[in-house]
Every structure is written in C-alpha cells, then in structure tokens.
1. Does any residue of the stretch A:70-84 turn out to be touching a helix residue (DSSP H, G or I) at 6+ places or on another chain (Cβ under 8 Å) and in contact (Cβ under 8 Å) with a residue 40 or more places away in the chain?
2. Identify the single condition in (1) farther than 14 Å from A:ASN5 by Cα; (2) surrounded by fewer than 17 Cβ atoms within 10 Å (Cβ to Cβ) that A:LEU108 does not satisfy, given that it satisfies every other one.
3. Provide a single number: the residues in the stretch A:1-26 that are among the hydroxyl-bearing types (Ser, Thr, Tyr) and assigned to a loop (DSSP other than H, G, I, E, B).
4. Scan the stretch B:33-47 and tell me whether some residue there is closer than 19 Å to B:PRO8 by Cβ, over 10 Å from the mean Cα position of the chain (by Cα) and either open to solvent by 30 Å² or more (accessible area, probe 1.4 Å) or of a type in the set (D, E, K, R) (or both).
5. Could you tell me whether A:ASP71 is open to solvent by 30 Å² or more (accessible area, probe 1.4 Å), under 22 Å from B:LEU43 (Cα atoms) and in contact with a Phe, Trp or Tyr (Cβ under 9 Å, 6 or more places away or on another chain)?
6. Looking at (1) of a type in the set (A, V, I, L, M, F, W, C); (2) without any contact (Cβ under 8 Å) to a residue 24 or more places away in the chain; (3) in a loop (DSSP other than H, G, I, E, B), which is the only condition A:PHE29 fails?
7. Those residues that are in a loop (DSSP other than H, G, I, E, B), free of Cβ contacts under 8 Å to residues at least 12 places away in the same chain and among the β-branched types (Val, Ile, Thr), I need them from the stretch B:29-82; list them, please.
8. Which of the residues spanning the stretch A:55-76 are part of a loop (DSSP other than H, G, I, E, B) and within 14 Å of the chain's Cα centre (by Cα)?
Amino acid sequence: GQQLNQSPQSMFIQEGEDVSMNCTSSSIFNTWLWYKQDPGEGPVLLIALYKAGELTSNGRLTAQFGITRKDSFLNISASIPSDVGIYFCAGSQGFGNEKLTFGTGTRLTIIP
Amino acid sequence: SAVISQKPSRDICQRGTSLTIQCQVDSQVTMMFWYRQQPGQSLTLIATANQGSEATYESGFVIDKFPISRPNLTFSTLTVSNMSPEDSSIYLCSVSGQRYNEQFFGPGTRLTVL
C-alpha cells in the first residue's frame, strides 16, 4: 500500500536543540495528523491539521499543513529527554476519523 | 480522548495456530480500525471493522486470514489465523467518530510466532 515519505529517518540531537521533520506524498490529503510512539506503546496523537496552509501549535510542537496538500512539517522546540521516540505523520483523504496512511517514521534520539 | 484497551498485550504462539485479539473502548465510537506494525516498520491498515456487517479489507489482507468481528459500538476482535513467523508484529486497534474527529490508538498487541 501507499506510504508517505518521511525525513529524516533518524535524528541524533542534544537536549535543548530544535527539531524539524517533514512528510511528503505524491497524493493529496485533506487531513494530516502527527503521532508519537514510545517503545511498547501505541501511537499518541500530537497535532491534527485540517486546512491547507494551517499552522497549529501544541506546547513546544508546531505543525504545518502544506499549501499543496501533499506535505506537512513538524517542529519541536527546545527538546527535552521525554521527546525521545518515533514520530509518524499520517494522512487521510477525508477527515482524521477515516482510514489513515502512515509515514515511514522519524526516530528521535537525544544525546546526553 | 477515548480510553482503549487491548487483550492480550503480548503473546507467543506456535506456527499454524490462531490468536484472537480484543479491543475495548470506554465509549461508543463510529469507526474502529485494525493496523499491523511489523518489526521496525510503520503502521499499515488491515481493515475497517464495521458494526453489524462484514469488515472492509485493504489490498493484501483477506478475511480468511484476518477475520474481524464488531458486535457493538465499543468492541471489536481481530483473529490472526493459521499463523506463521511472518505474522510476528504489533497489532493495533484505533477508534474515531461520535465524539472524536481524530483517530486514537490502543496500546497494541505484540505477537511473536515461533
């Protein structure tokens, strides 16, 4: 099945640094969602985006819905140890409550 | 957000056997989905569990291998039939609708097939 291309695949950063990751698709999506998955857990929803060009924040997280509807970006400011995990983007052809296509994931590691 | 539980949380099974995974939600939801996450990989949708009718399967997934039930608006089961080592994955249910426009995931069931 289709997957969204997510980059970078992995990141190694120091605590306090800012993080940027993005997700691109060859198809248009009408909803973009960003999830974080910790080891042994299910994905946890971070941010949902519903309109092209939309910029939404949730604490230190900021995400944008690309104007072409084919991409999305997630930024994390001033990273802290609990930010470690795998971040997934997900797109829906309809709303966020419909079936999702997931990105390949970005693994974030914080170097002591 | 919805509170979702899955049983079992993990299991180790023998080749050729079947395992039924349960997903329970604390409130009524419109949509329930089943995803598979193979080791080190992303999530792939298996099927949409429809209440009162047959599930809708994605390409590459069939009912004989992954039968699904959804008897009401808070409960669904996924069976992994005639298992082989290639079925070793995390199986996740997700829910949406009614009170939620977004999709929320359960904790997952980690399956190992020997």
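1. Kept after step one, since they are touching a helix residue (DSSP H, G or I) at 6+ places or on another chain (Cβ under 8 Å), are these residues of the stretch A:70-84: A:76.
So of that shortlist, the ones also in contact (Cβ under 8 Å) with a residue 40 or more places away in the chain come out as A:76.
Yes, the conditions are met somewhere in the stretch A:70-84.
2. The one condition A:LEU108 does not meet is (2).
3. Keep residues of the stretch A:1-26 that are among the hydroxyl-bearing types (Ser, Thr, Tyr), which gives A:7, A:10, A:20, A:24-26.
Now restrict to residues that are assigned to a loop (DSSP other than H, G, I, E, B): A:25-26.
Final tally of qualifying residues: 2.
4. There is at least one residue in the stretch B:33-47 that is closer than 19 Å to B:PRO8 by Cβ, over 10 Å from the mean Cα position of the chain (by Cα) and either open to solvent by 30 Å² or more (accessible area, probe 1.4 Å) or of a type in the set (D, E, K, R) (or both).
5. yes
6. Condition (2) is where A:PHE29 drops out.
7. Result: B:VAL62, B:ILE63.
8. Listed by number, the residues that qualify are A:ARG60, A:GLY66, A:LYS70.
The values are calculated or read from the model by the stated rules, or taken from the named source; none is laboratory data. As the structure is a computational prediction, the values presented were derived from the model and not from experiment. Reconstructed Cβ throughout: ideal geometry from the backbone, glycine too, with neighbour counts over all protein chains shown. The accessibility values were calculated without ligands, DNA or RNA, using every heavy atom of the protein model including side chains. Shrake-Rupley method; radii C 1.70, N 1.55, O 1.52, S 1.80 Å.
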